[in-house]
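The values are calculated or read from the model by the stated rules, or taken from the named source; none is laboratory data. Just so it is clear, the model here is predicted, and its values are computed rather than measured. Note that each Cβ is placed from the backbone with ideal geometry, even for glycine, and that neighbours are counted across all protein chains shown. Please note that ligands, DNA and RNA were not included when accessible areas were found on the heavy atoms of the full protein model with its side chains. Shrake-Rupley method; radii C 1.70, N 1.55, O 1.52, S 1.80 Å.
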Amino acid sequence: MSYNELATYFVNSFMAFQHIYIDKVQAEEHTSICGSSGFIVVLSGKLAMNVDGTAYILEPGMLLHVPKGAKLIKKSIERKPVQVAFVYYRILTEDSLLSNEQFRLQVENKEAIIHNILELKKFNEQPATTSELKCQLLFFTLLNTIVDGVRQYDEKENDHSIEESLHFIHGHYQERLSVTDIANRFKIERRHL
């Protein structure tokens, strides 16, 4: 999922924070059903995750969006437990397409995301109405941090692809090359070349 698609989804979806919990996932498999759409964020370790038959390997810097009703099978790949945050939200309108999709995101700012998650968990455990408001604000801060992390990751990957394309051009300068061919070959937007 691209930065623009993700940002558009968050901007156009009316959503509200619902719940967060942090779990230590062991080496044995554990199955559950996702009660709401949400994000699974590995805080430490490496996690094997299966969502409705699709397998993922997750580690810090990766997030997995899961739809409401998804069957989740999770287990630690390591001998020690994996610390995982589950951040659930509810959609307030039914026209949000991505809330029913599963997708994995790569982020470049995992420390900031982990910090946001720990703050959200802290306020979620407080019973006052003001903490509910603070949780909503922290949830949207988390979404903003996720979008920013995806943007940073995309830019880093784009820079790497541009370097690869330059090496290719230098090695094939005698051939007839078009900007479109290079952009397609290295999955770069033409305007970046």
(message) For a quick check of your reading of the model, give me the residue pairs whose first member lies in the stretch 102-124 and is over 22 Å from Lys156 (Cβ atoms) and polar (S, T, N, Q), whose second is assigned to a strand (DSSP E or B) and open to solvent by 40 Å² or more (accessible area, probe 1.4 Å), with beta-carbon atoms closer than 7 Å and at least 6 apart or on different chains.
(response) Gln102/Thr54
(message) Given the criterion assigned to a helix (DSSP H, G or I), modelled with pLDDT under 95 and surrounded by 15 or more Cβ atoms within 10 Å (Cβ to Cβ), identify the matching residue among Ile117, Ile169, Ile146, Ile113.
(response) Ile146
(message) From the list Tyr88, Tyr9, Tyr21, exactly one residue is modelled with pLDDT under 85 and either among the aromatic types (Phe, Trp, Tyr) or within 12 Å of the chain's Cα centre (by Cα) (or both). Which is it?
(response) Tyr9
